[in-house]
Structures are given as structure tokens and as C-alpha cells.
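Asker: Take this structure, written in C-alpha cells, and hold onto it; I'll ask about it next.
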Amino acid sequence: MAVSNIGSRPGKAKTEFRGNLLDELWKRQDVSGFISDADISTLAQRFNLADIEVEGVVSFYHFFHRKPTARFVIYLNNSIISETKGFVRIREAFERETGIMTGQVDRTGTFALFLTPCIGLSDQEPAALINFFPFTNLNAIRVKDIITALRNGASPASICDMPENNIRYMAPDDKSVFFRKFITGSAMARAKEIGAAAVIETLKQTQLAGRGGANFPTWKKWQSAMLQPAAPKYVICNADEGEPGTFKDRVLICTQAASLIEGMMICGYTVGAQYGIIYLRAEYRWLKHILEDVIKEYKEKGLLGKDCAGINGFDFEIRIQVGAGSYVCGEETALLESLEGKRGEPRTKWFFPVERGYMQLPTVINNVETFCAAARIIEMGAAAYLKIGIPGSPGTKLISVSGDCKRPGIYEIEWGMTVAELLELCEAEDPYYIQVSGPSGECISMKEKYRRISMLDLLSRKDIRCGGSFMIFNRQRDLVKILLNFSEFFKKESCGVCTPCRAGSFIIQRKLERLDNGLANEKDLEEIRSWGAIMRDTSRCGLGKTSTSSLILAIEKFHDYFEAKLDKEFNGLNLKFDMEAATKDYEKYKT
Amino acid sequence: MSKFVEIKIDGKVIRAEEGRNLVTVAKENGIFIPSLCYYEHIEPPLGTCRVCTCRINGKAGPACTERVMEGMDVEVNTETLKDTRKAIVEMMFAEGNHICPACEKSGNCDLQHMGYELGISSTRFQHLFKDRLIDFKPTRMVMEHNRCIKCMRCVVEVKTADGKSVFNYLNRGNETYVGIDYQQEARLSEEQALQAMQLCPTGAIIVKSDIMPKPFGDRKFDLQSEQKDYNSNESIVRKRISEMGKKKIATISLAGCFGCHMSLLDIDTELLDMVELVTFDKSPLTDIKRFSTRCHLGIIEGGCCNAENIETLRLFREHCDILVALGECAVWGGLPTMRNTIPLSECLEEAYLNSVTNEPGNHIVPYHEDLPKLLDRVYACNEIVKIDYYIPGCPPDANHIWKAVKNLLWGEAYSILYSEFKYD
């Protein structure tokens, strides 16, 4: 079976397998710069769909365009870190040099300029993708040089940057789990030696839990997939690292692709799966060849394919699916939908993916870091792993550090490190507000700097559980602007299916704008808290549930800051109502 | 043989067949869990509207995506949950541009019904007024995107004979809308088109030509409602007029049509009581232009569309102890907000410059220092001043108004009938 057909169901040969739709759309997007009406109709016919269904898929992903773009498509990152590093100046520079405004295409079809949320380069912002090649640490002069070079015929591939890995810290005394030397095949050989049951036992002992941020015990997931009778089964690697400020998976793919592949193989071997799929976010297309090379190498060595790793009857193949620009596809069930060639709308929890996942078959989905950790744990054994970290939270954790610090990059900390220690390591500059685990995570103030980072006390929230990122903001930064950036992000990235997330994010943003304009009073803060709680309780997936958590926490933890922003004279009359602004449109008819 | 299990809903023990849908099981046992997207035979359930949010084994989640299991403990009617569900429906009103008085489906609309059922008189959220399309292009239908709540029913249910979709979500985030495939829509039979219209819980899918099957005013939900009246538990003791001190009321119509003031007159014989109990100060009814004294109650009809409205409204806030927004326009902007999604200049130029009925040679937009200045959009009263109470309706039912006024001024207990509580 050809690798690109992995996942197609046998016996339904007539219409093309819908899982290929995203790839087909990418082909057209790459060749002509957009997807035309004719493309839509052709594809609809090929996949036996109504045009509107293809249209629905195209319009869901923001890297697909329905109008012609250009030879060079620039995606400038507008995440909050980029904003603090000079986003506005860089955008102006791009606009000046290309002669077009953001969101436009120039007349000659040479340049198109768009904005996109975090592209996983927060340690080297401002950054942009041009034809999906990375350009980092931008400044106005560099922008000018890039545009001139492109005009003069250079290809983005030839002038792009190779982003630094910036691995700043590894747990000392040879305690690094992820970045020690990895010998091809070693982890898989060990798994074969101890057998599937022992793999699960080892993961149980070492308490490995989902590193995408959900902290679900990995052994439980693998075990329930193992016990499913249906076949074939799938192992899916979630490499859709969309949480702004997070870039650990990027660095893992750059440096540890082999341990990732092996983690997936061990999982496949343990649960009895045949196919592996890596769902790679489109922002990381420039990393695709690294994964492809490793997969090729593994195949050549007989580690992937039929009877792989010398295990009779263990056939395992891995393919890569590139996403097309959607944060919510990092949610596991949305990712499944996307893999099936649909809009990335999270499913209801009617079935769990281990019961009915990809193509309604048993599926294990884990994050890049989880697979890498699993491979390493099997390789080094439970005993060695348990020596690292703290009791109840063994091992290490990768943290992407960015923002106002001297040494942004990847920190492999032992679980149990305090915030203060980490801030010292990265040489944070006058830290005031720290966003942990991205906009959907929690924010902390310096009053909490002695909190540990661990997997313990998830409910009491004594320790900080961290999905993988620390964004540091100093006292000069405007909190409301940070939170507005987040709310804009959620408003755009909501899949749009459930009411509280689709409408709620919009409503909360309006409220924040009120606050920003000095129109809010104490009652508005209360409302934000109460509405945020409603969104948390009613949203369909994690996106909506967590989208207001930072905001609510910020109001609590930085109350003085918000207090100073309020309209204190409010006495039932909204005197700050800006009559001049409201009548400005009409004034132009004054003769 | 199906297995029976025991579950608890609000403490009540219920025996039900294992694996059945919680909303249905609750309904069969006389417990109403509000829901909008839920449609019994769609499986897996859609779980899009989130109106059926309950607490299931201590965890908040929608009831419609739960299967009944042994020992399940469900909370439905706690104060917090009731408020949460109300908030979700309010969000739908705030997000869409739902103008009930101008809607064909009014009186026959699930969303409106849910609003009545939950007693929503105003939304806590500011309306978003997003510009949305009314799509006349389909052969049989009109897609009124202002009214769509994205419940997904039509996306999943409406298919052509060969299984092609007719509706699908387009875009994402706050730009999401339900698109219609013109080609496939044309292939639907008349009957299928009608079914699609009926499937839609609001007035977003309207079949062209005849076809409102029931006449206006025939309101099926008045008969089907769970909630026959509001506040029905209070035993109502009418106060004697002699016990009730005389109160002062001021009224005004801002960006309204005076319809709410007209409705006031419909209390018929109670007008005689009213004359005894109330003096009107500043009001179009008395033609008193200026406040002569502080009033107990101010009644506002209409939202704010110009600078003068704003000044008047502020004046009312300053001179009245209690301020009531009367009617849809005062509550959230109402009909005049139809212009809110369109830039002011476009509206004015359409009306005064480009209109076909425009007098030739008369090409100016009125502007004079004596004319109130138009605002960029129509504002709800509560965006300008604090509003204490809301009476919805277009116009509100006369009895509703009078009962509310009596309650506010003299504390007389009241019970508003379901049929007196309306948005249109």
C-alpha cells in the first residue's frame, strides 16, 4: 500500500479517499497561489462531495486562499511576543518595501502580505514565513534586504534563516532526558525485549502524562487502545504546536526526530497499530524534510515497513499530514477531523479517540514531546528515569521561554524547579506578568515566584502545571493589550461551532475594548469574571473552556492594575460616552 | 433485552433504559432541559448550542451528548445553571441580528420560544451588530444569515437524493456562517425545502413564495410552553387603591415609533385606576416638556439614534428614581438597529442622494444646527445610562406594562402570563 493511502478504507474504491483532500488543496494552493472555483468543482466531483463541502474546508484553514495571491506570500506573525519585539515596525517595513497594505496582493502578483498567529519562533521574533520558509529576528533593514533580494530573483529557500534551536539549559548531571545522544533503533529494541505489557507498566511507573498540556496518563491511553478489538489501529503524533509562545516541538523535531519516530513505533507495537500519522502544522512545513529523511532512513534500515524492527507481524508505516493553518486542530478530535479531510471542528465526547478515532477506528493521539519522552523512558528504563525530578512528578519538562528575558529558548528543567529559578536561568528582565502554557494557560504574578513547576496538585493548583511555555512580560507592557491580543486570537481561531466560544470570545473582546478605552467600571470586571465562567462551563472543547482563564486570573492577581483602568465616576450615567466620536460620521455633512 | 438503570435528576430517582439520551429521558419524566440544537434522531447528537448545559456527576456539560448510565447524578435546575443556560440564549440574541417584529418565523421560532421559556427580558451582553448577508440567490430558499444560530441541524440533516450536502459551515471563528450550495439546493424537492425550513429552529431558512403555513399571530408556543406564567408561585393580593399613594411618572419616546405609548392605552378600564394613582410629569401624554419635579418612575421607549436622545435619556436618569426600558427598541435598540450593520454615510446617501424617489436637483443630506446630530449607530439605553428594569415586546402587552409598573411603584405582586410576554 502506498504511503499516501494510509488510512483509506478498503472496499470503497470508487470515490477518492477524503483524507487526501487537504493534500490536494495544498497542491493547488502551491501551484497557483489560490484555490479557484474550478478547483473546488473538480475536487468536489473527485471526492463525491457538494461544492459547498469543499468550500467549507477551504474557508476553515487560513493558509488556503480563494483569491489569487502572489509569487511570494509573506505571513508575518502577530502574536503577543512579536508585538513586544517590534511587530508594528516590521509590518510597516514590509508594507513600505512591497508597496501593499496588510491583507493585500500587489498588482504584479509578486507580493502578498498576511498576518498569522504564532509560528513557533517566539525565541527569535519578530519572525515571518515567506512561502513557508522562516525569516527570524527581523528588523527594518533586513526586511528591505529580503524584499530587494526577492525582487532580484532570489528564492525564499536560498535566503531564509535556519532558526536556532536555542537549547539554553539541560538538567545538569547527565539528567537530560530528551537531549542525550540517541542511537537509532535502541528504544524500539528495548521495547521488543521487554514486550508490550512491560512498556505500559514502565509508563505507568514513570507516570508519563500528556505533554501537550492535558496531562492525561499516557499508559491509560495506550492500554485502552491496546484493549480495543477493532482494527486497524492508528498512532497519531500531534505536531500542531499552535499554542502561542510554544516552540519545544519545533526543537524536538529539529534535533530528536529519531526518538519521536521511535516513540510512535513503540506505541504502535504496544497497542497493535499498523499506521502512524504525524500531523504537522503548516507553519512547520520547513521541518517536513527532516521528518521525511528520518522516516526514509528507518525504512531503509528495516525499522519501518513490513515486520519492522525484526518483529514478525509488526507492520508499521508512518506518513506526514501537513495542516493548513488552524489553532483548534491541535485539539485531538479536531485534528482527527482535519486528517479526514474535513473542517477542524472538535467532536463531541460521544466516543473517545481510543474507541473511535481516525476513520472511527481506535486511535492513540499524543504530542511530539510525549512520544519522545516515551521512547527515552523505554530506552533508559524506569529506574533511571525515576531518579530525575521530584517524587510524584518524575522526569524533565521542556519549556519554551520567550518575551522579556536575555536568554529566550528551550529549557529542559527537572520537574520541581521553581518559577524564580527558571526566571534567573533565562535572565528575565524586571518580570511582572508571566503567561504560562500560552493564552489558554494561566498567568502568574511575581508574588507566586516560589511556586514549583510540576505535575502535582493539579486540582489544588499549588504547583504550576505547564504545557510548555513561559512568556515573560515586564512592567512596561500593557496587560490589557496582552489580553486583547489573546482575545483576538481566540475570536479568530474558534472553530465557530458552539455558541459560547464563537459568540463569547467576540463579546469578551468588546468588553476588553471598553476597559481599554476607560469606559469600564467595577461591574464590568465582575461581568468578565462571570461570563468567563459561563464560557468555561459550556464550551464544547478546550479552546472555549480555557480562552478566558487567563483573563479571569489576571483580574484577580493584578487587581490594582485593573482598578486603575476603571471609570470611577460612574454613577448610573455613562458620562464617558464619547459623543464626539459617535457623531463624527454625521459631521461630514456639515455644509 | 435492554438494561434498566437508576439515575438521579435534581434528586429525583428515575429508572431508564441504559444508553438513552439524557434530554429525552428527562423529558419523559417531566423534567424540562432546554435545548435548541438537539434533534432526537440525529446521532451522534450535535452538541452545538450548549443550551442544555447541566451538571453531570458534578461536571458541567451538555445533557444532549450524555447517555444515561447507572448512578448518573444530574443537576438541572440550580440557580447557577439556570443563569448559565439563560446566558447562552442571550448570547445568541446578542450575536445574531434577531429582530422578532420583522421576522416571518416569529411566534413559531424555537429561539424566541426559548427566550420566553427562560424569561429573558433583555440580554446582559451588548449586541454585536455584525453585518450579515440575506442571500436571495438560492432557487427555492432565502438564507437569512442574521437569524442563524449555527445549530448545525440543516448541515447534517438536509441532503439531496444522492446524499450530497446542501448546507455547510463556512469560515471559522466569529466569521462562521452556514453556506448554501445553490446547485444542490436547486435539486431539492419542494417538500424537502419545506422540511429544511421547519428543521431550522429560527427564521434563517425561509422558502420563497407562499409559504408561511400558519397565519401570523397563531403562536404555537403559547400552547406548548412549559412555563404558563412568570412568578406564578406568588399568591396575588390586589391592593386597594386607597392604600396606594399617588406616584409621579415621566415617559418619553426616543428612537421609537410611539407604539409602546399607544400600548399603554390598551389597559382599558384600568386606565381609570391609573388616573387616580399616577400623575404624569414630563411626557408626550401631558405634553409637559420639562421636568417640573423628581419622578418615581421614568419609562423610556426607543433607543438612542441621535445626540438629543442621549441628552434626554441622561435627563431622565437624573430625574427618576427608577428607569424602565419599555419595548424592544429601548431594551436593545430594536428595529432602528437595522442600520447598525451599515455605515451611517451609506444609509444617508441611499436615503437622500441616490434614492429613486429623490426630488431632482435636491441632493443634500440634511444638516442644520437645529437638527439633532445622528449617531454612528443606534445605542441601547443601557449603553448610555443605567437601566433598572426591562419590559420587552413590540409593543409590550398593556397588561404586562401595568403589572410591572404596579409592582415597581407599590410592590404589588404580579404574575405575567406567558402570552403577555413577547418580543414582537
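The values are calculated or read from the model by the stated rules, or taken from the named source; none is laboratory data. Predicted model, so just to flag it, every value in this text is computed and none were measured. Methodologically, a virtual Cβ is constructed for each residue, glycine included, from the backbone with ideal geometry; neighbour enumeration extends over all protein chains shown.
Asker: When you scan the range B:326-346, do you find a residue that is closer than 30 Å to A:Lys590 by Cα, in a helix (DSSP H, G or I) and at pLDDT below 90, even just one?
Answerer: Scanning the range B:326-346 turns up no residue that is closer than 30 Å to A:Lys590 by Cα, in a helix (DSSP H, G or I) and at pLDDT below 90.
Asker: Can you report the number of residues in the range B:79-104 which are in a loop (DSSP other than H, G, I, E, B) and either without any contact (Cβ under 8 Å) to a residue 40 or more places away in the chain or closer than 22 Å to B:Phe125 by Cβ (or both)? Lay out the reasoning, then the answer.
Answerer: Pass one, the range B:79-104, residues in a loop (DSSP other than H, G, I, E, B): B:96-99, B:103-104.
Retained after the next criterion (residues that are either without any contact (Cβ under 8 Å) to a residue 40 or more places away in the chain or closer than 22 Å to B:Phe125 by Cβ (or both)): B:96-99, B:103.
Count: 5.
Asker: Is it the case that A:Glu587 is surrounded by fewer than 14 Cβ atoms within 10 Å (Cβ to Cβ), within 25 Å of A:Phe490 (Cα to Cα) and either away from every other protein chain (no Cβ under 12 Å) or among the charged types (D, E, K, R) (or both)?
Answerer: Values: surrounded by fewer than 14 Cβ atoms within 10 Å (Cβ to Cβ): yes; within 25 Å of A:Phe490 (Cα to Cα): no; either away from every other protein chain (no Cβ under 12 Å) or among the charged types (D, E, K, R) (or both): yes.
No, not satisfied.
Asker: Next question. Within the range A:83-98, does at least one residue satisfy the condition of being modelled with pLDDT under 95 and under 21 Å from A:Phe34 (Cα atoms)?
Answerer: Within the range A:83-98, one or more residues are modelled with pLDDT under 95 and under 21 Å from A:Phe34 (Cα atoms).
Asker: For the range B:326-346, what are the residues that are within 12 Å of chain A (Cβ to nearest Cβ), of a type in the set (A, V, I, L, M) and surrounded by 15 or more Cβ atoms within 10 Å (Cβ to Cβ)?
Answerer: The initial filter retains those residues of the range B:326-346 that are within 12 Å of chain A (Cβ to nearest Cβ), namely B:339, B:342-346.
Narrowing further to those that are of a type in the set (A, V, I, L, M): B:342, B:344.
The one that is within 12 Å of chain A (Cβ to nearest Cβ), of a type in the set (A, V, I, L, M) and surrounded by 15 or more Cβ atoms within 10 Å (Cβ to Cβ): B:Leu344.
Asker: Take the residues in the range B:103-138 that are more than 12 Å from the chain's Cα centre (by Cα) and among the aliphatic types (A, V, I, L, M); name whichever of them is nearest to the other protein chains (Cβ to nearest Cβ).
Answerer: B:Leu128
Asker: Residue by residue through the range B:62-89, note down the ones that are within 12 Å of chain A (Cβ to nearest Cβ) and among the hydrophobic types (A, V, I, L, M, F, W, C).
Answerer: Listed by number, the residues that qualify are B:Ala63, B:Cys64, B:Leu81, B:Ala87, B:Ile88, B:Val89.
Asker: Do we find that B:Thr269 is among the polar types (S, T, N, Q) and surrounded by fewer than 14 Cβ atoms within 10 Å (Cβ to Cβ) in this structure? Please lay out each step first, then the result.
Answerer: Working: among the polar types (S, T, N, Q): yes; surrounded by fewer than 14 Cβ atoms within 10 Å (Cβ to Cβ): yes.
Answer is yes for this residue.
Asker: May I ask you to verify whether A:Arg502 is over 22 Å from the mean Cα position of the chain (by Cα), within 14 Å of chain B (Cβ to nearest Cβ) and part of a helix (DSSP H, G or I)?
Answerer: Details: over 22 Å from the mean Cα position of the chain (by Cα): no; within 14 Å of chain B (Cβ to nearest Cβ): yes; part of a helix (DSSP H, G or I): yes.
It is false that A:Arg502 is over 22 Å from the mean Cα position of the chain (by Cα), within 14 Å of chain B (Cβ to nearest Cβ) and part of a helix (DSSP H, G or I).
Asker: Tell me, please, whether a residue that is among the hydroxyl-bearing types (Ser, Thr, Tyr), more than 30 Å from B:Cys381 (Cα to Cα) and more than 12 Å from every other protein chain (Cβ to nearest Cβ) can be found in the range B:182-189. I'd like the intermediate steps shown before the answer.
Answerer: Within the range B:182-189, the subset among the hydroxyl-bearing types (Ser, Thr, Tyr) is B:182, B:189.
If we keep only those that are more than 30 Å from B:Cys381 (Cα to Cα) as well, we get B:182, B:189.
Now restrict to residues that are more than 12 Å from every other protein chain (Cβ to nearest Cβ): B:189.
Within the range B:182-189 (the criterion being among the hydroxyl-bearing types (Ser, Thr, Tyr), more than 30 Å from B:Cys381 (Cα to Cα) and more than 12 Å from every other protein chain (Cβ to nearest Cβ)), the answer is yes, since at least one residue qualifies.
Asker: Of all residues being over 29 Å from the mean Cα position of the chain (by Cα) and either crowded, with 18+ Cβ neighbours inside 10 Å or among the charged types (D, E, K, R) (or both) in the range A:10-31, which is modelled with the lowest pLDDT? Just the residue, please. Walk me through how you get there before you give the answer.
Answerer: Narrowing the range A:10-31 to residues over 29 Å from the mean Cα position of the chain (by Cα): A:10-16.
Those still in the list that are either crowded, with 18+ Cβ neighbours inside 10 Å or among the charged types (D, E, K, R) (or both) too: A:12, A:14, A:16.
Numbers: A:Lys12: 47, A:Lys14: 66, A:Glu16: 87.
Checking each candidate, the answer is A:Lys12.
Asker: Report whether or not B:Thr312 is farther than 23 Å from B:Ile134 by Cβ and of a type outside the set (D, E, K, R).
Answerer: Yes, satisfied.
Asker: Scan the range A:468-485 and give yes if some residue there is crowded, with 21+ Cβ neighbours inside 10 Å, part of a loop (DSSP other than H, G, I, E, B), under 24 Å from the mean Cα position of the chain (by Cα) and in contact (Cβ under 8 Å) with a residue 12 or more places away in the chain, otherwise no.
Answerer: Within the range A:468-485, one or more residues are crowded, with 21+ Cβ neighbours inside 10 Å, part of a loop (DSSP other than H, G, I, E, B), under 24 Å from the mean Cα position of the chain (by Cα) and in contact (Cβ under 8 Å) with a residue 12 or more places away in the chain.
Asker: Considering (1) surrounded by fewer than 24 Cβ atoms within 10 Å (Cβ to Cβ); (2) within 13 Å of another protein chain (Cβ to nearest Cβ); (3) in a loop (DSSP other than H, G, I, E, B); (4) aliphatic (A, V, I, L, M), say which one B:Val51 fails and leave the rest.
Answerer: Evaluating B:Val51 over (1) surrounded by fewer than 24 Cβ atoms within 10 Å (Cβ to Cβ); (2) within 13 Å of another protein chain (Cβ to nearest Cβ); (3) in a loop (DSSP other than H, G, I, E, B); (4) aliphatic (A, V, I, L, M) leaves (1) as the failure.
Asker: Just checking, how many residues over the range A:344-360 are closer than 15 Å to A:Gln223 by Cβ and either assigned to a helix (DSSP H, G or I) or at the interface with chain B (Cβ under 10 Å from one of its Cβ atoms) (or both)?
Answerer: Residues in the range A:344-360 being closer than 15 Å to A:Gln223 by Cβ and either assigned to a helix (DSSP H, G or I) or at the interface with chain B (Cβ under 10 Å from one of its Cβ atoms) (or both): 0 in total.
Asker: Name the residue, out of A:Ser487, A:Ser539, A:Ser505, A:Ser530, that is in contact with a Cys (Cβ under 9 Å, 6 or more places away or on another chain) and not aromatic (Phe, Trp, Tyr). Please lay out each step first, then the result.
Answerer: Numbers: A:Ser487 fails: in contact with a Cys (Cβ under 9 Å, 6 or more places away or on another chain); A:Ser505 fails: in contact with a Cys (Cβ under 9 Å, 6 or more places away or on another chain); A:Ser530 fails: in contact with a Cys (Cβ under 9 Å, 6 or more places away or on another chain).
One residue alone meets the criteria, A:Ser539.
Asker: Could you go through the range A:411-431 and let me know if any residue there is among the hydrophobic types (A, V, I, L, M, F, W, C) and in contact with a helix residue (DSSP H, G or I) (Cβ under 6 Å, 6 or more places away or on another chain). Outline the logic, then answer.
Answerer: Narrowing the range A:411-431 to residues among the hydrophobic types (A, V, I, L, M, F, W, C): A:413, A:415, A:417, A:419-420, A:422-423, A:425-426, A:428.
Adding the requirement that they be in contact with a helix residue (DSSP H, G or I) (Cβ under 6 Å, 6 or more places away or on another chain) leaves none.
No - not one qualifying residue is present in the range A:411-431.
Asker: Look through A:Ile552, A:Ile534 and report the one residue that is assigned to a helix (DSSP H, G or I), among the β-branched types (Val, Ile, Thr) and at the interface with another protein chain (Cβ under 10 Å from one of its Cβ atoms). Give the derivation first.
Answerer: Details: A:Ile552 fails: at the interface with another protein chain (Cβ under 10 Å from one of its Cβ atoms).
Unique residue meeting the criteria: A:Ile534.
Asker: Which numbered condition trips up A:Ala533, out of (1) among the hydrophobic types (A, V, I, L, M, F, W, C); (2) in contact with a Phe, Trp or Tyr (Cβ under 6 Å, 6 or more places away or on another chain); (3) surrounded by fewer than 18 Cβ atoms within 10 Å (Cβ to Cβ)?
Answerer: Only one criterion is unmet by A:Ala533, namely (2).
Asker: Go over the candidates A:Arg514, A:Arg529 one by one and state the one that is modelled with pLDDT under 90, within 14 Å of another protein chain (Cβ to nearest Cβ) and assigned to a helix (DSSP H, G or I).
Answerer: On the way: A:Arg529 fails: modelled with pLDDT under 90.
Unique residue meeting the criteria: A:Arg514.
Asker: A follow-up question, please. Could you check the range B:347-397 and list, in sequence order, the residues that are more than 14 Å from chain A (Cβ to nearest Cβ), in contact (Cβ under 8 Å) with a residue 40 or more places away in the chain and part of a loop (DSSP other than H, G, I, E, B)?
Answerer: Of everything in the range B:347-397, those that are more than 14 Å from chain A (Cβ to nearest Cβ), in contact (Cβ under 8 Å) with a residue 40 or more places away in the chain and part of a loop (DSSP other than H, G, I, E, B) turn out to be B:Pro392, B:Gly393, B:Cys394, B:Pro395, B:Pro396, B:Asp397.
Asker: Considering the range B:285-305 alone, what residues qualify as being in contact with a Cys (Cβ under 8 Å, 6 or more places away or on another chain) and part of a loop (DSSP other than H, G, I, E, B)?
Answerer: Within the range B:285-305, B:Arg294, B:Gly302 meet the criteria.
Asker: Also: Can you pull out the residues in the range A:332-348 that are touching an Asp or Glu at 6+ places or on another chain (Cβ under 9 Å) and more than 20 Å from B:Gly173 (Cβ to Cβ)?
Answerer: As a first pass, look at the range A:332-348 and keep what is touching an Asp or Glu at 6+ places or on another chain (Cβ under 9 Å): A:333-335, A:337-338, A:341-347.
If the condition is that a residue be touching an Asp or Glu at 6+ places or on another chain (Cβ under 9 Å) and more than 20 Å from B:Gly173 (Cβ to Cβ), then A:Gly341 is the only one that fits.
Asker: Regarding the range A:250-268, can at least one residue be identified that is closer than 21 Å to A:Phe351 by Cβ and surrounded by fewer than 24 Cβ atoms within 10 Å (Cβ to Cβ)?
Answerer: Checked against the condition, which is being closer than 21 Å to A:Phe351 by Cβ and surrounded by fewer than 24 Cβ atoms within 10 Å (Cβ to Cβ), the range A:250-268 yields no hits at all.
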